[in-house]
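What follows is one structure encoded as structure tokens, with my remarks underneath.
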Amino acid sequence: MRAGGRGYERGCELMTGDANAAIRAAFDAGAERVVVTDSHGSGKNLRADLIDERCTLVRGPYKPMRMGEGLDPSFDVALYVGYHARAGAPRGVLNHTWMGREIQNVHLNGDVAGEIRLMAAYAGSLGVPVGLVAGDEAACEEARDVLGGVETVAVKTGRDRYAAELIPPARAQALIYERTLRALHNPEGWHRLTIPAPYTLRVEWNSTSIAQSCSLIPGVKLADPRTTEFTTSDYSDVVGLLGVCATLAGDIGCTGRQYG
């Protein structure tokens, strides 16, 4: 999960293999250009030396649009590979929303939102539909709930947050390739998530100190001691603000180092 952790470097290789399966399918389906955004943690997880040489790779931390960096209205479709279910989703492997522990819940215009909804809405605000979501079974269920009949690829089934029954990587990557190719040949199955403005983002944090600090950002208000709210007519503000708040939360979070 994190640089320096057990198995991290091998995990980077495996995730790059998953990304390459989707990239290869995209080019085989006739894509002229593929842009890949490294969206986990520091944004330095995909192996630049192993990624399909025909694509371009957006990587690194603090990207203004975080997971959506590099996306613009010129793209035909977005593909979400390696996604996970939202915080609180039953049997979701590593289920969380945006941050591993600091965020309890996110609501977008009153609907509970994980990263699938949040980023599909960003793509939708640019006029770009989502064509495929690959992840664990809980993530795929969430994708179908948010995006209707969108193509999904479940490469594991959660037993709990930290345990799963998984498909070995070679077969998982073959599935990602096959389903991506099928999805790209069937644009009728793509789904553009359209949420009417204005957009209200409500974030329930696990700490009053995080909520208090985020409420100092102009336009952000406290809804209760642990919850912030923000309303805008520009969806890019939602993505950008959540990224800034997450940066604050990561530094303020209850790690214990602030005491003593």
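Of note:
- Listed residues HIS185, HIS40, HIS96 arranged by accessible area, highest first, probe 1.4 Å: HIS185, HIS40, HIS96
- Using θ = phi - 60° and Karplus 6.51 cos²θ - 1.76 cosθ + 1.60, couplings along the stretch 16-29 (whole Hz; Gly, Pro as x): 5, x, 5, 4, 4, 4, 6, 4, 4, 5, 4, 5, 5, 7
- Partner aspartates and glutamates for LYS63 [C-alpha distance under 14 Å; skip if fewer than 8 residues away on the same chain]: ASP38, ASP237
- Accessible carbon and sulfur surface of the chain relative to its total accessible area, %, 1.4 Å: 50 percent
- Note on ASP160 and LYS44: the extension gain reaches 39.1 nm, defined as 0.36 nm multiplied by sequence separation minus the Cα-Cα distance.
- Packing rank of 77-83, 162-168, where each peptide gets the mean count of other beta carbons within 10 Å, highest leading: 77-83, 162-168
- For ASP145, net neighbour charge (Lys/Arg +1, Asp/Glu -1) across residues whose Cβ lies under 11 Å away: 0
- Relative packing of 215-222, 65-72, which averages over residues the other C-beta atoms within 10 Å, highest first: 65-72, 215-222
- Ligands, DNA and RNA are left out, and with a 1.4 angstrom probe the accessible area of the stretch 77-159 is 33 Å² per residue.
- Placed amide H near VAL112: partners under 5 Å, 5+ positions off or other chain: none
- Chain lengthening between ASP224 and ASN186 when straightened (0.36 nm per residue, less Cα-Cα): 9.1 nm
- Separation of alpha-carbon centers, the stretch 1-72 and the stretch 133-167, rounded to whole Å: 19 Å
- As a ratio to 2.2 N^0.38 Å, the alpha-carbon radius of gyration computed for the chain takes the value 0.99.
- Under 25 Å from the Cα of LYS156 - lysines, other chains or at least 8 residues apart: LYS44
- Working from label points 7 Å from Cα in the Cα-to-Cβ sense, the LEU216 to GLU178 distance is 5.4 nm.
- Peptides 5-16, 123-134, ordered by how many other C-beta atoms sit within 10 Å of their residues on average, highest first, read 123-134, 5-16.
- A crude spin-label estimate for the pair ARG144 and GLU9, with each label 7 Å from Cα along the Cβ direction, gives 4.0 nm.
The values are calculated or read from the model by the stated rules, or taken from the named source; none is laboratory data. Keep in mind that this is a model prediction, so the values were computed, not measured. Here the Cβ is made from the backbone with ideal geometry for all residues, glycine too, and neighbour counts use every protein chain on show. Only protein heavy atoms, including side chains, enter the accessible area calculation; ligands, DNA and RNA are left aside. Shrake-Rupley method; radii C 1.70, N 1.55, O 1.52, S 1.80 Å.
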